[in-house]
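> So that we are looking at the same thing, I have put the structure below in structure tokens.
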Amino acid sequence: MATHDVLVIDPSTLFRQGLRQLLPQDFRVVSEARDVEAARAELSAPTPNDISGAKPSGRSVALVLFDVTDAGEFRAAANQLHSLFPEARLVYLTNGFDAPRLRMALEAGIDGYLTKDRSSNALIQSLHLVMLGEKVFPSDLALLLTQQNHTGSVGAGSPHKGLSMRETQILRALVKGESNKVIANGLHITEATVKVHLKSLLRKINCNNRTQAAIWALNNGLTEATPTAGAA
């Protein structure tokens, strides 16, 4: 089993230490810090036993689990982490959730938004999904944003902005952070077909990428399940 080097950033020392003990062997915590700046200093400082100053570089960290003291710091922290650890998966692990932070997480390209009240097994399972390339966001978080920005319910068989039923299904899958492979398996179509539909729906809703499309879908109430029968 592959081992993933993990950086934990959280204001609480107790939480950081507890998480280090909680994670299984395939998630190796190589460093922990109270905030992004402290993490930068920790990873760049030489250790007493290493005169070369070698430390895990930004590229060697595979996963960053982070929280911020103030929600207003989220966007800046996410941007810094992307810059410091361009190859790492970023997971926002925090207390509770709200629509503004979900929107910022989607826009910032975060790989996961997880809450600290989940069980250890659920957390570990979610982290494994993230490392497989999935986007992991709580389903009730999507519902919260939809309720806040709801502009009209879209019926299961009613295309919106000229979207076909299949395109609507794929949009809903994007909201859940599903990859093309997962979408294809769920809809019993090929990944190539998913890509064709995705290109078409992005053009129709005037979005440039999957993240923008997911935000558009949330803002337009596209979160309810859609039957697959008859979809092309």
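> To the nearest whole percent, what portion of all C-alpha pairs in the stretch 4-137 is separated by more than 18 angstrom? Kindly include the intermediate steps, with their values, before the conclusion.
On the way: 4519 of 8911 pairs.
Roughly 51 percent, rounded to a whole number.
> Another question, then. What FRET efficiency comes out for the pair ASP26/THR115, r = Cβ-Cβ distance, R0 = 22 Å, nearest 0.05? The partial results should precede the final answer.
Values: r = 22 Å, r/R0 = 1.02.
FRET efficiency, ASP26 to THR115: 0.50.
> Under a plain spin-label model, where a point goes 7 Å from the Cα along Cα-to-Cβ, how far apart in nm are ALA41 and GLN125?
4.0
> Once you charge only the Cβ atoms, +1 for Lys and Arg and -1 for Asp and Glu, what is the size of the charge dipole of the stretch 4-137 about its Cα centre, to the nearest 20 debye?
Numbers: 14 positive and 17 negative charges, 27 e Å.
Charge dipole of the stretch 4-137: 120 debye, to the nearest 20.
> Turning to a different aspect of this structure: For the peptides 169-180, 80-91, what is the packing order when you average, over each peptide's residues, the other Cβ atoms within 10 Å and list the highest mean first? If you can, show how the numbers build up before the last one.
Working: 169-180: 22.6, 80-91: 18.1.
My ranking of the peptides, most packed first, is 169-180, 80-91.
> Along the Cα→Cβ direction, 7 angstrom out, place labels at LYS181 and SER60. What is the inter-label distance in nm?
If labels sit at LYS181 and SER60, their model points lie 2.8 nm apart.
FYI, it's all coordinate maths here, none of it is from the lab. Since the model is a prediction, treat every value here as computed from it, not as a measurement. No Cβ is skipped: glycine too gets one built from the backbone with ideal geometry, and neighbour counts run over all protein chains shown.
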